[in-house]
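Colleague: Questions regarding the structure given below will be posed in turn.
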Amino acid sequence: MTGMTRRWLLTAAGSSRTMPQPSALPEPVAFLRTSWSNDPFALGSYSFLAPSLLGTSVRQQLAAPAGRLYFAGEATSQEAPATQAGALLSGRRAAAEIIKAARPGEHVIVVGSGFSGLGCARDLTNASLCVTVLEGRDRIGGRTWTERLDGIPAELGASWIHGHKGNPITTLLRETGGRSYPFDYDSVVGRDEDALAELETYLSKAEDVEDPDTTPYSALLPSKMSPALRSAVNSVLVQEYGAEPEHLAIAAEEEDVAGEGSDFLLPDGFDRLLAHVRGSIPVRTGAVVTRIARTADGVTVTLANGENLRADRCVATVPIGVLRAQKITFEPALPAPNREAIEALGSGLLDKLWLQFPSVFWDKNADAIEWSDPTDPGRWSLWVNGHRAFGEPVLLGFNAGRPAHDHAHLTDQQVVASAMDSLRRMHA
């Protein structure tokens, strides 16, 4: 969950530097890539607010309990959607609803082991309820996924704490004694300030839109855009929400991102924080839920292997992409408000590519690199300098929206080749 690029626009003035020009680039020695749209347990990276009559109330509507079935996850968060803070807060909210309604000793099944599911399970366990956590993957964490490249945490899911002040994830960081790297959005090379300034003239008209809930951002933009303007749109909107402007409601700007202050990268990894929330709570991995049936006195959860698990209540923390694809059958059908909310929310896409090199060939002192591909604006338009944040020669590249979908079904080798082509041309 990397909603960050609105800050590029907010801090653009006077911060760009010239990109270094090496004669030849070294080949990467290792890589890691994501393809969240192909992950059957995600089917996207995070939720976004699509144009609809429900507007920003859609998340509260999705979060409404359906009898003994409760919903959590970042898509249900009004405080911080599309972030790990929102996921954690939503799990705690669902736990509080259950604790208020449940009798002592009730059994609760929690579907999903990300921050939402584990946060919910932790609070339920602390309240002396019996909890079973089911995870379809062979690992815990959901869209929090930390791998390592030469010892550094390569986040394939969430990367940032967004707004560290008043953020519950910052509290976890403090409790675990983890380190933080304040990301400097002013420290960037390759930024096109003129294009961002042009884009701001269009986005400033959002205040005049009568119905931002149903109006897409594309209504503010010209039908024909220069490559530079299209690249600016990608940086400010598409990289932020994982969605193209025609699919994104103007009201999305009204939604919060948890806290105030700086955004942090975590040199010790998000997985430490997740493990802290989990504690000793057992998680059953490889448990793919296909059906949740509810009655007046309980729920039955069916797994892909045909096994039925009975409980008093259930919390579904699965991503909006999975709900939209109807990968889980609900019996009886969900109430109309829940169904309408699922249909109204979008599932955005932002994919990552970590590249490890034998040496640094880019500006060591910049936190980020921006680039506008004149032939395909938005492709590999943002890179994070891992050397500055983690002390190793690594780059983290992003594709979002259409470019991410274009790359989703390419082989690993084709994705790396595409990225290297961009890096060579931006340094030519």
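The values are calculated or read from the model by the stated rules, or taken from the named source; none is laboratory data. As the structure is a prediction and not an experimental result, all values here were calculated from the model. Virtual Cβ from ideal backbone geometry, glycine too; neighbours counted across all protein chains shown.
Colleague: So which residues in the range 392-428 are within 19 Å of Val29 (Cβ to Cβ), modelled with pLDDT of 95 or more and not in a helix (DSSP H, G or I), if there are any at all?
Modeller: Glu392, Pro393, Val394, Leu395, Leu396, Gly397, Thr411
Colleague: Consider the range 234-248. How many of its residues are part of a loop (DSSP other than H, G, I, E, B) and either among the aliphatic types (A, V, I, L, M) or touching a strand residue (DSSP E or B) at 6+ places or on another chain (Cβ under 7 Å) (or both)?
Modeller: 3
Colleague: Could you say whether any residue in the range 191-209 is at pLDDT 95 or above and either touching a Cys at 6+ places or on another chain (Cβ under 8 Å) or in a strand (DSSP E or B) (or both)?
Modeller: Checked against the condition, which is being at pLDDT 95 or above and either touching a Cys at 6+ places or on another chain (Cβ under 8 Å) or in a strand (DSSP E or B) (or both), the range 191-209 yields no hits at all.
Colleague: Anything in the range 265-298 that is among the hydroxyl-bearing types (Ser, Thr, Tyr) and either in contact with a strand residue (DSSP E or B) (Cβ under 7 Å, 6 or more places away or on another chain) or under 29 Å from Trp160 (Cα atoms) (or both)? List them, or say none.
Modeller: Ser280, Thr285, Thr290
Colleague: Give the residue that is farthest from Glu155 (Cα to Cα), with candidates limited to residues of the range 28-44 that are crowded, with 20+ Cβ neighbours inside 10 Å and touching a Pro at 6+ places or on another chain (Cβ under 8 Å).
Modeller: If we take residues in the range 28-44 being crowded, with 20+ Cβ neighbours inside 10 Å and touching a Pro at 6+ places or on another chain (Cβ under 8 Å), then Leu43 is farthest from Glu155 (Cα to Cα).
Colleague: Filter the range 28-44 for residues that are of a type in the set (A, V, I, L, M, F, W, C) and either out of contact with any strand residue (DSSP E or B) (no Cβ under 8 Å at 6 or more places or on another chain) or closer than 18 Å to Gly142 by Cβ (or both) and give the result.
Modeller: Leu32, Trp36, Phe41, Ala42, Leu43
Colleague: Here's something else I'd like to know. Within the bounds of the range 210-233, is there any residue that is in a loop (DSSP other than H, G, I, E, B), β-branched (Val, Ile, Thr) and more than 25 Å from the chain's Cα centre (by Cα)?
Modeller: Checked the range 210-233: no residue is in a loop (DSSP other than H, G, I, E, B), β-branched (Val, Ile, Thr) and more than 25 Å from the chain's Cα centre (by Cα).
Colleague: Cβ contacts < 6 Å: first residue among the hydroxyl-bearing types (Ser, Thr, Tyr), restricted to the range 309-324; second residue assigned to a loop (DSSP other than H, G, I, E, B), any location; separation 6+ or different chain. Result?
Modeller: Thr317/Ala72; Thr317/Gly73; Thr317/Gly112
Colleague: Starting from residues that are touching a Leu at 6+ places or on another chain (Cβ under 6 Å) and small (Gly, Ala, Ser), keep the ones in the range 133-177 and report whichever is farthest from Ala389 (Cα to Cα).
Modeller: Only one residue tops the list, namely Gly141.
Colleague: Between Thr171, Thr176, which is of a type in the set (S, T, N, Q), within 30 Å of Gly269 (Cβ to Cβ), modelled with pLDDT of 95 or more and touching a Lys or Arg at 6+ places or on another chain (Cβ under 6 Å)?
Modeller: One residue alone meets the criteria, Thr176.
Colleague: Further question: Pairs under 6 Å by beta carbon, first residue more than 23 Å from Trp160 (Cα to Cα) in the range 184-207, partner assigned to a loop (DSSP other than H, G, I, E, B) and at pLDDT 95 or above, six or more apart or different chains?
Modeller: Tyr202/Leu221
Colleague: Could you count how many residues in the range 54-74 are aliphatic (A, V, I, L, M), surrounded by fewer than 24 Cβ atoms within 10 Å (Cβ to Cβ) and either touching a Cys at 6+ places or on another chain (Cβ under 8 Å) or at pLDDT below 95 (or both)?
Modeller: Number of matching residues: 1.
Colleague: From the list Ser77, Ser47, which residue is buried (at least 24 other Cβ atoms within 10 Å of the Cβ) and out of contact with any strand residue (DSSP E or B) (no Cβ under 7 Å at 6 or more places or on another chain)?
Modeller: Going through Ser77, Ser47 in turn, just one is buried (at least 24 other Cβ atoms within 10 Å of the Cβ) and out of contact with any strand residue (DSSP E or B) (no Cβ under 7 Å at 6 or more places or on another chain): Ser77.
Colleague: Kindly indicate which of Gly242, Gly279 is on the phi > 0 side of the Ramachandran plot, crowded, with 23+ Cβ neighbours inside 10 Å and of a type in the set (Gly, Ala, Ser).
Modeller: Gly242
Colleague: Just give me the residues in the range 301-339 being out of contact with any Ser or Thr (no Cβ under 8 Å at 6 or more places or on another chain), within 30 Å of Pro403 (Cα to Cα) and crowded, with 17+ Cβ neighbours inside 10 Å, in sequence order.
Modeller: Val318, Val322, Leu323 - these are the residues of the range 301-339 that are out of contact with any Ser or Thr (no Cβ under 8 Å at 6 or more places or on another chain), within 30 Å of Pro403 (Cα to Cα) and crowded, with 17+ Cβ neighbours inside 10 Å.
Colleague: If I filter the range 401-421 for residues that are crowded, with 22+ Cβ neighbours inside 10 Å, touching a Pro at 6+ places or on another chain (Cβ under 8 Å), more than 24 Å from Glu244 (Cα to Cα) and of a type outside the set (Ser, Thr, Tyr), do I get at least one hit?
Modeller: No, the range 401-421 has no match at all.
Colleague: Show the residue pairs that are 6+ apart or on different chains and have beta-carbon atoms under 9 Å apart, the first residue being within the range 374-393 and touching a residue at least 24 places away in the same chain (Cβ under 8 Å) and over 30 Å from Glu244 (Cβ atoms), the second being among the small types (Gly, Ala, Ser) and in a loop (DSSP other than H, G, I, E, B).
Modeller: Taking only residues 6 or more apart or on different chains, the pairs are Arg388/Ser187; Arg388/Ala366; Phe390/Gly151; Glu392/Gly151; Pro393/Ser359.
Colleague: When the residues of the range 342-372 are narrowed to those that are under 30 Å from Ala251 (Cβ atoms) and out of contact with any strand residue (DSSP E or B) (no Cβ under 8 Å at 6 or more places or on another chain), which ends up surrounded by the fewest Cβ atoms within 10 Å (Cβ to Cβ)?
Modeller: Of everything passing the filter in the range 342-372, Glu343 is surrounded by the fewest Cβ atoms within 10 Å (Cβ to Cβ).
Colleague: Hey, among the residues in the range 9-47 that are assigned to a loop (DSSP other than H, G, I, E, B), modelled with pLDDT under 95 and of a type in the set (A, V, I, L, M), which one's nearest to Trp371 (Cα to Cα)?
Modeller: Once the filter is applied, the top-ranked residue is Met19.
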